[in-house]
1. Please go through (1) surrounded by fewer than 20 Cβ atoms within 10 Å (Cβ to Cβ); (2) within 14 Å of chain B (Cβ to nearest Cβ); (3) out of contact with any helix residue (DSSP H, G or I) (no Cβ under 7 Å at 6 or more places or on another chain) for residue A:344 and return the number of the only condition it doesn't satisfy.
2. Tell me the residue from B:116, B:143, B:135 that is closer than 29 Å to residue B:96 by Cβ, hydrophobic (A, V, I, L, M, F, W, C) and within 12 Å of chain A (Cβ to nearest Cβ), please.
3. What number of residues within segment B:308-344 are surrounded by 24 or more Cβ atoms within 10 Å (Cβ to Cβ) and away from every other protein chain (no Cβ under 12 Å)?
4. So is residue B:96 within 30 Å of residue A:317 (Cα to Cα), surrounded by fewer than 20 Cβ atoms within 10 Å (Cβ to Cβ), away from chain A (no Cβ under 14 Å) and modelled with pLDDT of 95 or more or not?
5. Which of the residues spanning segment B:235-256 are of a type in the set (A, V, I, L, M, F, W, C), in a loop (DSSP other than H, G, I, E, B) and exposed (fewer than 15 other Cβ atoms within 10 Å of the Cβ)?
6. Please go through segment B:119-132 and give me each residue that is under 22 Å from residue B:208 (Cβ atoms) and within 14 Å of chain A (Cβ to nearest Cβ), ordered by number.
7. Please count how many residues of segment A:80-113 are among the small types (Gly, Ala, Ser) and either out of contact with any helix residue (DSSP H, G or I) (no Cβ under 8 Å at 6 or more places or on another chain) or not in a loop (DSSP other than H, G, I, E, B) (or both).
8. Hey, does segment A:39-50 have a residue that's hydroxyl-bearing (Ser, Thr, Tyr) and without any contact (Cβ under 8 Å) to a residue 24 or more places away in the chain?
Amino acid sequence: MFSRTLRTSHVAAPLRNNAFSRTTLVKRTVTTDAATAHAEAVPAEDTKPFQVTLSDESFETYELDPPPYTLNTTKKELKQIYHDMVSVRRMEMAADRLYKEKKIRGFCHLSTGQEAVAVGIEHSLTKEDDVITAYRCHGFALMRGGTVKSIVGELLGRREGIAYGKGGSMHMFAKGFYGGNGIVGAQVPVGAGLAFAHKYKGNNNVTVALYGDGASNQGQVFEAFNMAKLWNLPVLFGCENNKYGMGTAANRSSALTDYYKRGQYMPGLKVNGMDVLAVKAAVQHGKEYTTAGNGPLVLEYVTYRYGGHSMSDPGTTYRTREEIQRMRSTQDPIAGLKQKLLEWNVTTEEELKRIDKDARAAVDAEVAEAEAMPPPDATPQNLYEDIYVRGSELPFMRGRTLEENYYY
Amino acid sequence: MLRFLRPASRFVSAAAARPVARSAFQLFPRVPAIIQSQGYATEGGVKDYTVRDALNEALAEELELNPKVFVLGEEVAQYNGAYKVTKGLLDRFGDKRVIDSPITESGFCGLTVGAALAGLHPVCEFMTFNFAMQAIDQIVNSAAKTHYMSGGIQPCNITFRGPNGFAAGVAAQHSQDYSAWYGSIPGLKVVTPWSAEDAKGLLKAAIRDPNPVCVLENELLYGQVFPMSEAAQKDDFVIPFGKAKIERAGKDLTIVTLSRCVGQSLVAAENIKKKYGVEVEVINLRSIKPLDVESIVKSVKKTHRLLCVESGFPAFGVGAEILALGMEYAFDYLDAPAQRITGAEVPTPYAQKLEDMSFPNESLIENYIAKMLRL
Ligand SMILES: Cc1ncc(C[n+]2csc(CCOP(=O)(O)OP(=O)(O)O)c2C)c(N)n1
Ligand SMILES: [Mg+2]
């Protein structure tokens, strides 16, 4: 119904008419099942490119030509992608344990189940592109170049944590990674601003601005959409639709749960976010599209979080255990890729086991190192550093009492 | 009352407390509420309540008593509240009265303000006041100022509530005290409950008050247990705004404090008594707008020393206000400059040891009392 209104509206652009007929013809629906993907003529060499065909349920589009259902890749890349997803999951499992051991304070939001989004996005960007997201950020921080040690160190509030113990679970930053943001939705216009800067500087780069299905209803998301479209900013808005915002199912928070259509005047692309290759293909395409000056896109990554909203939420009061179990056992992004890699003879069971083992061992070793790192000393210097840029501080900051005032 | 106080001069004898707001504004006949027994019986009909239970009971009673009251906010209904304050309310009152909103603070805050302008009495819950920053324009510009801008034609009976201030281990964006922000706005009333009785009586008074009221709760207090008097367990219990409560009487030093810092100050006062035998008076402000200057001045007249303990940022804060008022109204009675303990001037850090240095605690208060009294 929503699309029909647009179709008959008189602000028609040529692109849209084309796209429309095509999408109606295609009639594909995104599922989180990537079973029909295939690859032929897989070369023996690790670095020799070949083509894989994505499942025909990978995408749905809104006012947009669908991206190609093929992806050029190498065995090496596929194995790296697999390795990365295993690493992210292992790191989140470590966070889960450390939280339960009461070594992590406050909130801790895990992305277990959603690994394909962070990993797929990273494998279609360069380090000159930008990513910004909300508090469910550990996987993104790792993919953007943070080390397990520094990320877990941050969770533990260590001095050598990625944010020196200042930010904790929700606030992590790295080159090309702008957090790690705690206020739901606020990162979206900020993401548009990152894209604005790319355009302003004449960079040929893209910004991926992520937010949740719950966050998608914040007014400022729509404000960002408008400016991005108005000024043709190279931004890929991305709704990580994991079906719930805390305990609220998407259809209880959102009048339209087709998040990829929410840009109204902006084309949209819905992606199977449980299929890392579909994510990679979508973002790769999106990047080409938007850096070619076609303006922003709204992507929707259909995904699922296995755990509760945060560690303090059991995650079972607003959804059934069966639902979680079904997603885990039939749609898991890691198991899904594994199956494909085996089917396509990209690798062997043994090699995958070795990758698993190596990735886990590497994560575990870094986690152990992080645990051994000291927390920041309780000195005023550590407390008051970095409120302002070094050298540009105020003369002093007031302490809890006059005596505790800190003079730089 | 205040207008009779002369800056830095005579103290006018206590006037009678103002009549309780509810009698004047109650529009609905009261129906007896089915009060669930929430706590454990102790002597004299006094029961133990958590602050959470007290807030829950206040909401339940007001929903019961007045069909114009409804509760709206994120996760308040099906999830029973992010901090379980609204537990059971959906089951009891249905989804017309207890409403889950999308995550859209500016939007749902504005919407509840509109409903209030149209005569309903919304209780707009913010999951925490950190998120009310998204909506502060609606609170200040749409809710607080409308009655005045309309020349008194358009009231706005709304209650904004949620946890405010220090929360443990959640870093800079989730641990901030907004008392001073809201306390500075003409047109708003602002209350800061500490105990279970405070929580129940102030929230009920807020819902009944015909003006916009911010109820600044604290997450760490939700689980704390307090005795609740028999009177406070009744559905007609309200605490009038602008009346501070002397939680502990003393003659040597006055602590003016609010919210979680009340409990910390009481512990410090007990410790200092054990060590040095001095008696510190602890005043729980209960409401910061209106602010009970009279009780502060009266106490300072007795103790001659004033210390404010609060956990907001120091600059332009609650402590700054209390000290300024002390200067304006009690200068003659002070034997030493009034002092303040506040949150440190730093975004809340995550690491525990650094966080510990950023907010008042019992031992800091204790040491400061000792210093002020040269013990
Ligand atoms: C402005 C604001 N409102 C409320 C919250 C509390 N909160 C944190 S996460 C969350 C749910 C967000 O859900 P969604 O956007 O779907 O992201 P997900 O957690 O599923 O990744 C809420 C309500 C917040 N952090 N910021
Ligand atoms: Mg979600």
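The values are calculated or read from the model by the stated rules, or taken from the named source; none is laboratory data. Bear in mind that the values here come from a model prediction, so they are computed numbers and not experimental data. In this analysis, Cβ positions are derived from the backbone assuming ideal geometry, glycine residues included, and neighbour counts consider all displayed protein chains.
1. Failed condition: (2).
2. None of the other options fit; the residue is B:135.
3. So the answer is 4.
4. yes
5. If the condition is that a residue be of a type in the set (A, V, I, L, M, F, W, C), in a loop (DSSP other than H, G, I, E, B) and exposed (fewer than 15 other Cβ atoms within 10 Å of the Cβ), then B:249 is the only one that fits.
6. B:125, B:126, B:129, B:132
7. 3
8. no
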